[in-house]
Amino acid sequence: MSTAVDTSAIESTDSKVWDILQAEQTRQHQTIELIASENHVSQAVMEATGSVFTNKYAEGYPGRRYYGGCVNMDAAEDLARDRAKELFKCEHVNVQPHSGSQANAAVYFAALKPGDTILSLDLAHGGHLSHGLKVNMSGMLYNIVSYGVDRKTEQVDFAEIRRLAQENKPKLIISGASAYPRTIDFDTFSEIADEVGAAHMADIAHIAGLVAAGLHPSPVPTAAFVTTTTHKTLRGPRGGMIMCKEDWKTKIDSRIFPGSQGGPLMHAILGKAVAFGEALKPEFKTYQQQILDNAKALADELTTCGNRIVSGGTDNHLMLVDLRPQYPDVTGKDAEAWLEQAGIITNKNMIPFDERKPTLTSGLRIGTPALTTRGMKQDDMKTIARWIDRVLQSQGKGDAIFAVRSEVIALCDQHPMP
Ligand SMILES: *Cc1c(COP(=O)(O)O)cnc(C)c1O
């Protein structure tokens, strides 16, 4: 099988690593990737991240480095920053965060003192661990107050957020989520933050591609900080990024380096430049629209099969399936394992007000960015929804799962990875 970049040196020198790499290449090719936070990057992004840029130390920022020989590093980082600014229309951007969590941590260091209050979405309702999980640094260093979704609509309730903001006077209000299928009204978050003298940080890790394409409202005009990953819908290398207003520029940069990181991952930054270049092309908007069309088709067909989708549907790239009404005895953990045997990769996920433990859950999170990259369309979504339903109905019995497995491989063979 072809690999996306030349791996012949590994093949000839290290058979153990080669076997693992080949196995993963095959696994990705032969499975339908429905994990909402994953994607398949382009050959060009792979080449950048696998390039000589991995050899270079470049602590500091363009024009102000602590190492010699940084001329090409400066060019790459400037290009990544310029393209990010064009893409998101932001005043300032830092492309050095190693990950989304690092980006968030740097904002906290810039805007807060330990013990200050953060108002963020409850993890059990779709929030991210870096927004205040007890055993994450965010939860250890700051006082976390959570807002949830409304029991009936399963959507965020601004009356509740406003009440919590007025009662708790947070220094930072975080919008954005890891498992929230609806459009986020960032402007209202900014309004509430203004009312109580808080800063608003919008974390668009999941929806950055949709925002870049103009298919989801952007928080950039009103939020003080916008953080993101670059590897989810944005389809770049693994990494993070912070956008902010001009007046926060110096502080944000210093909280990334030297505040919380050493040398930037320059191969990843080169990859970010490539990915942002791709995202500026008209085809990227077509791709993002297809992600949305596919998510809607998948949610509709799952509903037709009798499944309950949390909040009744999706406005973005992902949905949450509530397994309880249709399959009361099936946990998210079972469902994830059975689907994986069939070659359909998902993740178990808490649904709002879930009564099962996070290690079991009553839900599945499903997203369409990766299979859309492989060129799958609405008709394929209908097929996949029916496969999911067949596997769930099988109660884990081998025959049905094996039957679906071979159909999955046949579909994958028609849709090569980039
Ligand atoms: C994925 C995600 C992150 C960060 O992810 P890393 O794994 O640290 O790169 C941050 N915030 C949200 C909302 C996310 O979904």
**Study point:** DSSP-defined antiparallel bridges as percent of all bridges, the chain, nearest 5
**Key:** 55 percent
Practice item. Using DSSP to define loop residues, name the GluC sites (Glu not before Pro) in the range 309-418 whose beta-carbon has at most 15 other beta-carbon atoms within 10 Å. Key: 355
Study note, to complete from the structure: Quick calc, the chain, dipole around Cα centre from Cβ unit charges on Lys, Arg (+) and Asp, Glu (-), nearest 20 debye, gives 540 debye
Revision key, fill the gap. Note: residue 135 to residue 246 extended length (0.36 nm per residue) minus current alpha-carbon separation gives 36.7 nm
Practice item. Among the trypsin sites (Lys or Arg not before Pro) in the range 75-131, which ones are in a DSSP loop with at most 13 other Cβ atoms within 10 Å of the Cβ? Mind listing them? Key: 89
Check your understanding: Of 89/169; 152/377; 56/85, which sit over 28 Å apart, Cα to Cα?
Key -> 89/169; 152/377
Exercise for review: Provide the gained length on full extension for the span residue 340 to residue 188, in nm with one decimal, where the gain is 0.36 nm per separating residue minus the Cα-Cα distance.
Suggested key: 50.8 nm
Practice item. May I ask you to evaluate 6.51 cos²θ - 1.76 cosθ + 1.60, the Karplus curve with θ = phi - 60°, for each residue of the range 231-245 and list the ³J(HN,Hα) values in order in whole Hz, giving x for glycine and proline? Key: 10, 9, 4, 5, 6, x, x, 4, x, x, 6, 10, 10, 8, 5
Review point. Tell me, what HN-Hα J-couplings in whole Hz come from the Karplus equation 6.51 cos²θ - 1.76 cosθ + 1.60 at θ = phi - 60° for each residue of the range 56-62, using x for Gly and Pro?
Key: 10, 8, 8, 4, x, 10, x
Point to revise | Theoretical FRET efficiency, 1/(1+(r/R0)^6), r = Cβ-Cβ of residue 390 and residue 66, R0 51 Å, to 0.05 | key: 0.30
Study note, to complete from the structure: The long-range amide H neighbours of residue 178, using H built 1.01 Å from N in the peptide plane and a cut-off of under 5 Å, are 127, 128
Study note, to complete from the structure: Percent relative contact order for the range 52-279, counting Cα pairs under 8 Å at least six residues apart, stands at 29 percent
**Study point:** Amide H contacts of residue 308 (H built 1.01 Å from N, under 5 Å, at least 5 apart or other chain)
**Key:** 322, 326
Point to revise | Table column - 3J(HN,Hα) (Hz), the range 197-212, Karplus curve with 6.51, -1.76, 1.60, x for Gly and Pro | key: x, 9, 8, 9, 10, 9, 9, 9, 3, 6, 9, 4, x, 5, 5, 4
Exercise for review: Could you list, in their original order, any pairs among 249/281; 171/245; 134/171 whose Cα atoms are separated by more than 24 Å?
Suggested key: 249/281
**Study point:** the range 151-281: proportion of alpha-carbon pairs further apart than 22 angstrom, %
**Key:** 43 percent
Check your understanding: Given only helices, namely DSSP H runs of n ≥ 4 each adding -39500 (n - 2.57), what is the per-residue ellipticity at 222 nm of the chain, to the nearest 500 deg cm²/dmol?
Key -> -13500 deg cm²/dmol
Practice item. Quote the Stokes-Einstein diffusion coefficient, in whole µm² s⁻¹, for the chain, based on the Kirkwood radius over alpha carbon pairs, a temperature of 4 °C and a viscosity of 1.567 mPa s. Key: 58 µm²/s
Review point. Under a 5 Å amide H to amide H cut-off, with H placed in plane at 1.01 Å, what residues pair with residue 133 once short-range neighbours are removed?
Key: 139
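Each value in this text was obtained by applying a stated rule to the coordinates, not by laboratory testing. Just so it is clear, the structure is predicted and the values come from calculations on it, not from any experiment. Glycine gets a Cβ as well: all are built from the backbone with ideal geometry, and neighbour counts include every protein chain shown.
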